[in-house]
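K.L.:
Here it is, the structure in full.
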Amino acid sequence: MKDIPNLFGSMVFNDTVMQARLPNNIYRALKKTMAQGTHLELDIANVVANAMKDWAVEKGATHFTHWFQPMTGITAEKHDSFIAPARDGRIIMEFSGKELVRGEPDASSFPSGGLRATFEARGYTVWDITSYAFIKDQTLCIPTAFCSYSGEALDKKTPLLRSMEALDRQALRILKIFGHTETQRVMTTVGPEQEYFLIDRAIFNQRPDLIYTGRTLFGARPPKGQELDDHYFGCLKPRVSAFMHELEEELWRVGVLAKTKHNEVAPGQHELAPVFTTTNIATDHNQLTMELMKSIANRHGLACLLHEKPFAGVNGSGKHNNWSLSTDDGLNLLEPGETPYENAQFLLFLTAVIKAVDEYQDLLRVSVASAGNDHRLGANEAPPAIVSMFLGDELTEILEALESGNSYLNKEKHQMEIGVTVLPHFPKDTTDRNRTSPFAFTGNKFEFRMLGSAFSISGPNIVLNTAVADVLSGFADVLEQADDFTAALADLIRQTISEHKRIIFNGNNYAHEWLEEAERRGLSNLKTTVDALPAFISRKSMDLFTRHHVFTPSEISSRYEILLENYCKQIHIEALTMIDIVKKDNTS
């Protein structure tokens with residue numbers, strides 16, 4: 001029996017390790033930088049780096065790397081050993097504060113969308129001090145941001161951190177109006193549910209379409225698919241269970257809060273879900289999860305497929321981005337409480353999200369756009385390409401009462417009666433769930449269900465954070481100038497509901513009637529990546545991102561170029577693979 005509490009985080013330079021290994025003054029200075037974003041002095045960085053190196057070497061590490069997330073969709077790392085020459089021909093193990101804080105990878109060899117020419121090679125990786133360093137494959141991995149010589153973001157983490165800061169600033173303005181003067185920080189938290197397929201490695205190796213594109217281009221439908229509904233939550237097969245056991249242990253070692261595992265609906269499809277954590281850390285952890293899924297599958301004679309639609313006729317794989325807002329003093333801002341109708345602060349944040357999703361529905365669609373996800377959206381339990389929100393009966397009725405000025409009759413909690421006396425009684429939820437909704441409220445969070453399985457969660461969260469920050473900024477402007485706060489608040493909530501209720505839909509998102517109704521409401525139906533991409537470079541989007549300093553205009557243009565280029569490359573590779581397969585078949 002493994003000692004899981006001691007196993008968890010054993011390869012992470014976390015708070016416990018820092019407290020034990022750093023002098024008190026250095027530890028306090030580091031924590032201040034992590035909490036407040038203040039500058040880290042080099043003398044402090046030197047002490048931290050030395051302690052980090054000693055810890056890593058004791059754990060068997062020989063190298064260090066700045067671990068970053070370029071715009072390739074995967075992670076990047078360049079390894080340097082700790083060794084340095086000594087006078088007697090021997091070596092010492094050395095790691096400086098400068099090496100910890102900053103690295104210099106080649107910035108011209110990563111996608112930049114035209115921001116960097118081939119001869120403009122210098123780039124910088126900069127330590128993300130809020131995300132703990134960890135050991136992987138005998139290497140100390142330091143999570144970093146990645147920027148060019150002239151300061152443009154060349155990665156997915158830098159704009160994510162900017163969007164988190166933008167939302168923090170505007171949410172704190174709202175909280176101060178409500179009297180929360182002690183709150184110092186508002187964080188977005190995410191729990192990304194990760195779906196994936198496992199197939200036999202020997203069979204995978206015989207399939208060039210799966211090898212090169214991640215999905216089936218030629219093939220016959222199997223005699224049995226998911227039509228018997230017998231795979232979902234079914235008993236784990238021994239081979240799959242062994243893979244999941246090793247995956248969990250490796251994730252726990254590097255501090256990933258892997259919590260839930262089960263069979264998904266389609267044969268060979270499975271899911272792993274973690275506990276919520278701060279968004280940039282959740283993004284790091286999800287990238288690690290996808291990487292380890294593939295490498296551990298290989299060790300078990302399996303291939304892990306993260307394509308959004310690897311097989312026709314069965315469920316594709318998505319990633320449910322469970323998003324919420326929390327304060328540093330433990331308050332979930334999307335928690336309705338026992339009487340949500342009377343919870344004005346909750347209602348204000350709720351209507352802010354409603355307005356943000358309605359006003360920036362096209363951007364949310366762009367954030368999940370890819371050639372692979374185009375195949376998945378709207379098929380076999382994946383939400384359609386139309387962005388809408390599910391709130392459930394209770395919250396919808398509350399908003400309708402607020403809009404009309406009528407009183408809301410609070411529904412009593414009913415006990416669930418199953419008809420078997422020995423089973424325990426429990427309160428029935430006031431609202432059902434809706435698996436067809438792209439953006440669903442699920443108790444104290446929103447579940448954005450349109451992400452594809454292979455996606456970095458950074459893009460959707462950048463859009464979501466920035467859009468909500470923008471709405472909160474406008475709300476704060478109104479409330480800060482109001483003579484009568486209570487009246488202004490009531491009017492603001494009522495007006496927002498009236499102007500943006502079109503985005504709320506609690507019905508069946510697959511029904512043909514909804515397509516017609518969504519069109520009548522004026523909602524977008526951007527079916528393909530090509531349809532969606534122009535929204536990213538519209539004046540409205542440009543103004544949003546530049547207003548909150550999340551992207552510069554050149555960074556927006558470069559990301560548009562990369563999104564379009566990746567789409568074309570994916571289609572091109574699929575076409576070449578199909579041609580190659582046909583040629584070989586004709587030859588044989």
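K.L.:
Kindly indicate whether any position in the range 199-208 is modelled with pLDDT of 95 or more and touching an Asp or Glu at 6+ places or on another chain (Cβ under 7 Å).
P.N.:
Scanning the range 199-208, I find no residue that is modelled with pLDDT of 95 or more and touching an Asp or Glu at 6+ places or on another chain (Cβ under 7 Å), so the answer is no.
K.L.:
Looking only at the range 115-126, count every residue that is of a type in the set (Val, Ile, Thr) and assigned to a loop (DSSP other than H, G, I, E, B) and tell me the total.
P.N.:
Final tally of qualifying residues: 1.
K.L.:
What are the pairs, 6+ residues apart or on separate chains, where a residue within the range 537-552 that is in the same structural domain as Thr466 (by TED's automatic domain parsing) and more than 11 Å from Leu363 (Cα to Cα) has its Cβ under 9 Å from a residue that is of a type in the set (S, T, N, Q) and surrounded by fewer than 16 Cβ atoms within 10 Å (Cβ to Cβ)?
P.N.:
Pairs that qualify, where the first residue is in the same structural domain as Thr466 (by TED's automatic domain parsing) and more than 11 Å from Leu363 (Cα to Cα) and the partner is of a type in the set (S, T, N, Q) and surrounded by fewer than 16 Cβ atoms within 10 Å (Cβ to Cβ), are Thr552/Thr546.
K.L.:
Out of the residues in the range 257-279 that are β-branched (Val, Ile, Thr) and part of a loop (DSSP other than H, G, I, E, B), which is farthest from the chain's Cα centre (by Cα)?
P.N.:
In this case the residue turns out to be Val265.
K.L.:
Any residue at all in the range 498-516 that's within 24 Å of Ala166 (Cα to Cα) and either of a type in the set (Ser, Thr, Tyr) or over 25 Å from the mean Cα position of the chain (by Cα) (or both)?
P.N.:
Yes, the range 498-516 has at least one match.
K.L.:
Consider Gly372 carefully, then state whether it is at pLDDT below 90 and not hydroxyl-bearing (Ser, Thr, Tyr).
P.N.:
Answer is no for this residue.
K.L.:
Does Phe426 meet the test of being at pLDDT 95 or above, of a type in the set (Phe, Trp, Tyr) and over 30 Å from Asp374 (Cβ atoms)?
P.N.:
Answer is no for this residue.
K.L.:
Give all pairs with beta carbons closer than 7 Å in which a residue from the range 555-568 that is free of Cβ contacts under 8 Å to residues at least 60 places away in the same chain meets a residue that is surrounded by fewer than 21 Cβ atoms within 10 Å (Cβ to Cβ); count only pairs at least 6 apart in sequence or on separate chains.
P.N.:
Pairs that qualify, where the first residue is free of Cβ contacts under 8 Å to residues at least 60 places away in the same chain and the partner is surrounded by fewer than 21 Cβ atoms within 10 Å (Cβ to Cβ), are Ile556/Ile537; Ile556/Met542; Leu564/Leu533.
K.L.:
Which residues, taken from the range 327-340, are hydroxyl-bearing (Ser, Thr, Tyr) and buried (at least 18 other Cβ atoms within 10 Å of the Cβ)?
P.N.:
Thr327
K.L.:
If we scan the range 517-540, do we find a residue that is buried (at least 19 other Cβ atoms within 10 Å of the Cβ), of a type in the set (Gly, Ala, Ser) and within 24 Å of Val190 (Cβ to Cβ)?
P.N.:
Yes: the range 517-540 contains one or more residues that are buried (at least 19 other Cβ atoms within 10 Å of the Cβ), of a type in the set (Gly, Ala, Ser) and within 24 Å of Val190 (Cβ to Cβ).
K.L.:
Cβ contacts < 8 Å: first residue more than 28 Å from His549 (Cα to Cα), restricted to the range 469-489; second residue not hydroxyl-bearing (Ser, Thr, Tyr), any location; separation 6+ or different chain. Result?
P.N.:
Within 8 Å, the pairs are Phe485/Ile177; Phe485/Leu479; Ala488/Val478; Ala488/Leu479; Ala488/Ala482.
Residues checked against (1) modelled with pLDDT of 90 or more; (2) aliphatic (A, V, I, L, M); (3) under 32 Å from the mean Cα position of the chain (by Cα):
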{"site": "Ala61", "(1), (2), (3)": "yes, yes, yes"}
{"site": "Phe68", "(1), (2), (3)": "yes, no, yes"}
{"site": "Arg90", "(1), (2), (3)": "no, no, no"}
{"site": "Glu94", "(1), (2), (3)": "no, no, no"}
{"site": "Phe110", "(1), (2), (3)": "no, no, yes"}
{"site": "Arg116", "(1), (2), (3)": "no, no, yes"}
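K.L.:
Here's another thing I want to ask about it. Can you confirm whether Glu248 is touching a residue at least 12 places away in the same chain (Cβ under 8 Å), charged (D, E, K, R), closer than 23 Å to Ser456 by Cα and not in a helix (DSSP H, G or I)?
P.N.:
For Glu248, the condition - touching a residue at least 12 places away in the same chain (Cβ under 8 Å), charged (D, E, K, R), closer than 23 Å to Ser456 by Cα and not in a helix (DSSP H, G or I) - is not met.
K.L.:
Here is a further query. For the range 20-36, check the following and say yes or no: at least one residue is at pLDDT below 90, exposed (fewer than 11 other Cβ atoms within 10 Å of the Cβ), in a loop (DSSP other than H, G, I, E, B) and not assigned by TED's automatic domain parsing to the domain that holds Ser367.
P.N.:
no
K.L.:
Can Pro159 be described as in a strand (DSSP E or B) and either in contact with a helix residue (DSSP H, G or I) (Cβ under 7 Å, 6 or more places away or on another chain) or assigned by TED's automatic domain parsing to the domain that holds Glu555 (or both)?
P.N.:
Spelling it out, it is not the case that Pro159 is in a strand (DSSP E or B) and either in contact with a helix residue (DSSP H, G or I) (Cβ under 7 Å, 6 or more places away or on another chain) or assigned by TED's automatic domain parsing to the domain that holds Glu555 (or both).
K.L.:
With the condition kept exactly as written, say whether any residue in the range 462-477 is closer than 30 Å to His270 by Cα and assigned to a loop (DSSP other than H, G, I, E, B).
P.N.:
Checking the range 462-477: not a single residue is closer than 30 Å to His270 by Cα and assigned to a loop (DSSP other than H, G, I, E, B).
K.L.:
Being touching a Phe, Trp or Tyr at 6+ places or on another chain (Cβ under 7 Å) and over 15 Å from Val57 (Cβ atoms) is the filter here; which residues of the range 127-141 pass it?
P.N.:
Tyr132
K.L.:
Could you list, ordered by first residue, the pairs with Cβ atoms under 6 Å in which the first is in the range 508-527 and among the charged types (D, E, K, R) and the second is at pLDDT below 95, at least 6 apart or interchain?
P.N.:
Lys527/Ala385
K.L.:
Also, I was wondering about something else. For the subset of the range 127-154 comprising residues that are of a type in the set (Val, Ile, Thr) and in a strand (DSSP E or B), which member is surrounded by the most Cβ atoms within 10 Å (Cβ to Cβ)?
P.N.:
Thr144
K.L.:
Within the bounds of the range 217-240, is there any residue that is over 28 Å from Lys156 (Cα atoms), crowded, with 18+ Cβ neighbours inside 10 Å and either assigned by TED's automatic domain parsing to the domain that holds Asp128 or of a type in the set (Asp, Glu) (or both)?
P.N.:
Checked the range 217-240: no residue is over 28 Å from Lys156 (Cα atoms), crowded, with 18+ Cβ neighbours inside 10 Å and either assigned by TED's automatic domain parsing to the domain that holds Asp128 or of a type in the set (Asp, Glu) (or both).
K.L.:
Which condition breaks for Lys157 when tested against (1) modelled with pLDDT of 90 or more; (2) exposed (fewer than 15 other Cβ atoms within 10 Å of the Cβ)?
P.N.:
The one condition Lys157 does not meet is (2).
K.L.:
Give the residue that is nearest to Ala266 (Cα to Cα), with candidates limited to residues of the range 291-315 that are small (Gly, Ala, Ser) and not in a loop (DSSP other than H, G, I, E, B).
P.N.:
Here the answer is Ala303.
K.L.:
If you don't mind, another one. Looking at Thr130, Thr139 in this structure, which one is outside the structural domain of Gly452 (by TED's automatic domain parsing), under 25 Å from Lys98 (Cβ atoms) and at pLDDT 95 or above?
P.N.:
Thr139
K.L.:
Then there's this: For the range 341-380, which positions are farther than 22 Å from Gly459 by Cα, surrounded by fewer than 19 Cβ atoms within 10 Å (Cβ to Cβ) and either touching a residue at least 24 places away in the same chain (Cβ under 8 Å) or not assigned by TED's automatic domain parsing to the domain that holds Gly474 (or both)?
P.N.:
Correct list: Ala344, Gln345, Ala379, Asn380.
K.L.:
Further question: Consider Leu175 against the criteria (1) farther than 30 Å from Ser453 by Cβ; (2) touching a helix residue (DSSP H, G or I) at 6+ places or on another chain (Cβ under 6 Å); (3) assigned to a helix (DSSP H, G or I): it satisfies all of them except one. Which criterion is unmet?
P.N.:
Failed condition: (2).
So that you can scan it fast, the table gives a plain yes or no per residue for (1) among the small types (Gly, Ala, Ser); (2) modelled with pLDDT of 90 or more; (3) closer than 16 Å to Ser453 by Cβ:
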| residue | (1), (2), (3) |
| --- | --- |
| Tyr341 | no, no, no |
| Lys355 | no, yes, no |
| Arg365 | no, yes, no |
| Val368 | no, yes, yes |
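K.L.:
Okay, next question. Checking the structure you have, find out if any residue of the range 205-227 is closer than 30 Å to Phe13 by Cβ and in a loop (DSSP other than H, G, I, E, B).
P.N.:
No: zero hits.
The values are calculated or read from the model by the stated rules, or taken from the named source; none is laboratory data. Bear in mind the structure is a predicted one, so any value in this text is a computation, not a measurement. When we count neighbours, we look across all protein chains shown, and the Cβ atoms used for this are built from the backbone with ideal geometry, even at glycine.
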